[in-house]
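The values are calculated or read from the model by the stated rules, or taken from the named source; none is laboratory data. Everything quoted here is computed from the prediction, not taken from an experiment. Positions of Cβ are backbone-derived with ideal geometry, glycine not excepted, and every protein chain shown enters the neighbour counts. When the accessible area is computed, the model is the full protein with side chains, heavy atoms only, and any ligands, DNA or RNA have been set aside. Shrake-Rupley method; radii C 1.70, N 1.55, O 1.52, S 1.80 Å.
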Amino acid sequence: MAHSATAATPALSVRDLGKIFANTSDVIAGGIHEATFALEPGTFFTLLGPSGCGKTTTLRCIAGLELPDRGTIQLGEQVLFDRARRINVALNRRNIGMVFQSYAIWPHMNVFENVAFPLQVAKDKQYSRDQVTRLVGAALERVNLNGFEARPATRLSGGQQQRVALARAIVGQPSLLLLDEPLSNLDAALREEMRNELKRLQQQVGITTVYVTHDQAEALEMSDLVAVMNKGLIVQMGPPRDIYFRPCDAFVASFVGATNLIPAVFKQQVGGNGLGLVELGDGQSLTCEFQQPRAPAQPVVVSVRPESIALSTPGEPGDSRRNRLQGQVIFAGFLGNMSRYGVRIGANVMQVNTPSGIHFATGAQVVLEFPIEGSLGMAPLGSAP
């Protein structure tokens, strides 16, 4: 049985975790390379990335559904896996609750029986009938399904099945909750509702949670901490705001939310605070922030979020502390809550999102103005940082 985590002990610690799926010709997608992270108790942690990046493999290794090739996994003070010491705790003894993408609700059982199932098959503890009734009732109340105990599983909506799966995952009061794309089978409106429900439940129970998704909005809205994965590696980890506003490279910038990636050439350093001057293909220049030093004449891309750009008419006074570019509107769309523009800058087209009260016609000459601190210079996709 795991001991509770103390302030000095992370709730979950994963170190140098590796799992490679290989055939005779190449490495199969989904492997992980030296994943390392430590979570404080109660953290909602999301593994975010495209299909095949290794996020689900990481989750399955933590659960005990995959055998890692190397590394360690520790839950509180209990070592679940240590390749070097040949420790591998069986999945049914890891004190972990899990919700799968498919929910895995038993169709021949009613709601009570589905939620009670983990208690009835538990290997390390025997529960009395009264204990089972009390724990199932508490779990169903937490997911707002009290009164549904006798409802057949086949008469549940998708959202209700999701809640049953959640109740079943927390009924045994686990030390860790693992969620593998649990909202992907729901329609858009229900998915948004369940986002709020999941976060409310996690905060109420106070359980450390590892969540897997490819949906950036889910990750940004729900998480305390996000790890962005690409090709088996955690490429950046931090709070959602840092991931969104301070992406470490072009992959993170383009994957987490919409961004403009503008090709440019690094000209020179500006002062000693990471600012650099770059030149676009049409000769216009920008001042950008760089997290990595660059050499003159090196190709770079500049990431600028569409919502950070303001449009104005040429000739209007500008702010010297902001970047300014001249362009032409080639697309104008009205979305109700905002207006979306495509603006041609030389050979490139930048997407711009403005408040819906601002209107420019297609073909109009405009000035794009955006803050220097929101202009991030970085290596182009596919090149070294």
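Taking the range 168-189 as the search range and keeping residues that are of a type outside the set (D, E, K, R) and over 22 Å from Leu47 (Cα atoms), which one is nearest to the chain's Cα centre (by Cα)?
The first filter runs over the range 168-189 and keeps only residues of a type outside the set (D, E, K, R), leaving 169-179, 182-186, 188-189.
If we keep only those that are over 22 Å from Leu47 (Cα atoms) as well, we get 171-173, 189.
On the way: Val171: 26, Gly172: 27, Gln173: 25, Ala189: 20 Å.
In this case the residue turns out to be Ala189.
Open to solvent by less than 60 Å² (accessible area, probe 1.4 Å) and either out of contact with any His (no Cβ under 9 Å at 6 or more places or on another chain) or among the basic types (Lys, Arg) (or both), is that true of Gly336? Answer is yes for this residue. Can Pro263 be described as within 30 Å of Ala361 (Cβ to Cβ), at pLDDT 95 or above and touching a strand residue (DSSP E or B) at 6+ places or on another chain (Cβ under 7 Å)? Taking the combined requirement at face value, the residue satisfies it. For the range 151-166, the set of residues classified as in a helix (DSSP H, G or I), over 23 Å from the mean Cα position of the chain (by Cα) and in contact (Cβ under 8 Å) with a residue 40 or more places away in the chain consists of Ala153, Thr154, Gln161, Val164, listed by residue number.
Could you say whether any residue in the range 54-70 is farther than 30 Å from Val115 by Cβ and in contact with a Cys (Cβ under 8 Å, 6 or more places away or on another chain)? Yes.
Which of the residues spanning the range 291-305 are under 33 Å from the mean Cα position of the chain (by Cα) and either surrounded by fewer than 19 Cβ atoms within 10 Å (Cβ to Cβ) or farther than 17 Å from Ala250 by Cα (or both)?
Here is the first cut: in the range 291-305, the ones under 33 Å from the mean Cα position of the chain (by Cα) are 291-295, 298-305.
Answer for the range 291-305, where residues must be under 33 Å from the mean Cα position of the chain (by Cα) and either surrounded by fewer than 19 Cβ atoms within 10 Å (Cβ to Cβ) or farther than 17 Å from Ala250 by Cα (or both): Gln291, Gln292, Pro293, Ala295, Gln298, Pro299.
Screening Ser312 against (1) open to solvent by 30 Å² or more (accessible area, probe 1.4 Å); (2) out of contact with any Pro (no Cβ under 9 Å at 6 or more places or on another chain); (3) not β-branched (Val, Ile, Thr) leaves a single unmet condition, (1). The C-beta contact set for the range 101-113 (first residue on the phi > 0 side of the Ramachandran plot, second residue of a type outside the set (Lys, Arg), distance under 8 angstrom, 6+ apart or interchain) comprises Tyr103/Gln161; Tyr103/Gln162; Tyr103/Val164; Tyr103/Ala165; Tyr103/Pro182; Tyr103/Asn185; Ala104/Ala165. Annotation note: of Pro50, Pro107, Pro41, the sole residue that is touching a helix residue (DSSP H, G or I) at 6+ places or on another chain (Cβ under 9 Å), open to solvent by 30 Å² or more (accessible area, probe 1.4 Å) and closer than 23 Å to Pro240 by Cα is Pro50.
Look at the range 339-353 and say how many of its residues are touching a helix residue (DSSP H, G or I) at 6+ places or on another chain (Cβ under 8 Å) and open to solvent by less than 50 Å² (accessible area, probe 1.4 Å).
First, the residues of the range 339-353 that are touching a helix residue (DSSP H, G or I) at 6+ places or on another chain (Cβ under 8 Å): 340, 350-353.
From what is left, the residues that are open to solvent by less than 50 Å² (accessible area, probe 1.4 Å) are 350, 352-353.
So the count comes out to 3.
Is it true that some residue in the range 87-101 is in contact with a strand residue (DSSP E or B) (Cβ under 7 Å, 6 or more places away or on another chain) and at pLDDT below 90? Checked the range 87-101: at least one residue is in contact with a strand residue (DSSP E or B) (Cβ under 7 Å, 6 or more places away or on another chain) and at pLDDT below 90.
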